[in-house]
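The values are calculated or read from the model by the stated rules, or taken from the named source; none is laboratory data. These numbers were taken from a predicted model, which means no experiment stands behind them. Neighbour counts run over all protein chains shown; Cβ positions are idealised from the backbone, glycine included. For accessibility, only protein heavy atoms count, side chains too; no ligands or nucleic acids. Shrake-Rupley method; radii C 1.70, N 1.55, O 1.52, S 1.80 Å.
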Amino acid sequence: MIGVGSSGLHSNGFSLVRKVFFHQMGLSPDDHIEGLPHSLADELLIPTKIYAKTVHNLLRDLPIQGIVNITGGGLIDNIPRVLPSRTKVRIFNGSWDVPPIFDLLEKHGEIPKQEMYRTFNCGIGMVLICPQSEADNVPDPPFGAQ
């Protein structure tokens, strides 16, 4: 699996985001939270990254067998949709950088890791699947801000 970094929350889980930041923590949109480079409003309104150039380059360079947009359902519900029956994947915590907004939500909302992966993209906006034999041909880091 090739994880393409997200630009932030995108548009998923905002009911939970509002509950944690505005109701539980009592923050306002103009507040600054330690660990975030922007005001809360600016962080929540970061535009969703467009992945066309990255996906095009990967399709050109690798035998991609599946493409998954990590949207509602997060990593847990979306990836299995493109897998053959009885096929599973293993996601390793710590194998990518998780943007601070997700860590803050998890900590202050006391949200279990499993629920974080089901609700949010947790820093991965798109997943592409290629054969294991191609793993050494995947660019590292794969995509930056393209």
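Observations, loosely collected:
- A probe of 1.4 angstrom, applied to the heavy atoms of all protein chains, finds Phe120 with accessible area near 0 square angstrom.
- Label zone at Asp31, where the point sits 7 Å out along the Cα-to-Cβ direction: segment 101-119 residues whose backbone N lies under 13 Å: 105, 108-109
- Acute angle (nearest 10 degrees) that the helix 52-61 long axis makes with the longest principal axis of the chain, alpha-carbon atoms: 20
- For segment 1-81, radius of gyration divided by Kirkwood radius, i.e. Rg to Rh on alpha-carbons: 1.07
- When DSSP beta bridges are restricted to pairs lying wholly in the chain, around 100% turn out antiparallel.
- The angle between the Cα long axis of helix 100-109 and the longest principal axis of the Cα atoms of the chain comes to about 60 degrees, rounded to the nearest 10.
- Helical runs (DSSP H, four residues minimum) scored at -39500 (n - 2.57) apiece and divided by the length of the chain put the mean residue ellipticity at 222 nm at -7000 deg cm²/dmol.
- The mean accessible area for residues of segment 51-142, using a 1.4 Å probe and ignoring ligands and nucleic acids, is 60 Å² per residue.
- Whole-percent carbon and sulfur share, accessible surface of the chain, 1.4 Å: 51
- Cα pair distances exceeding 24 angstrom across segment 30-146, given as percent: 33
- Going by accessible surface with a 1.4 Å probe and the largest first, Thr119, Thr54 read Thr119, Thr54.
- Charged side chains reduced to their Cβ positions (Lys and Arg at +1, Asp and Glu at -1) give the chain a dipole of some 660 debye around its Cα centre.
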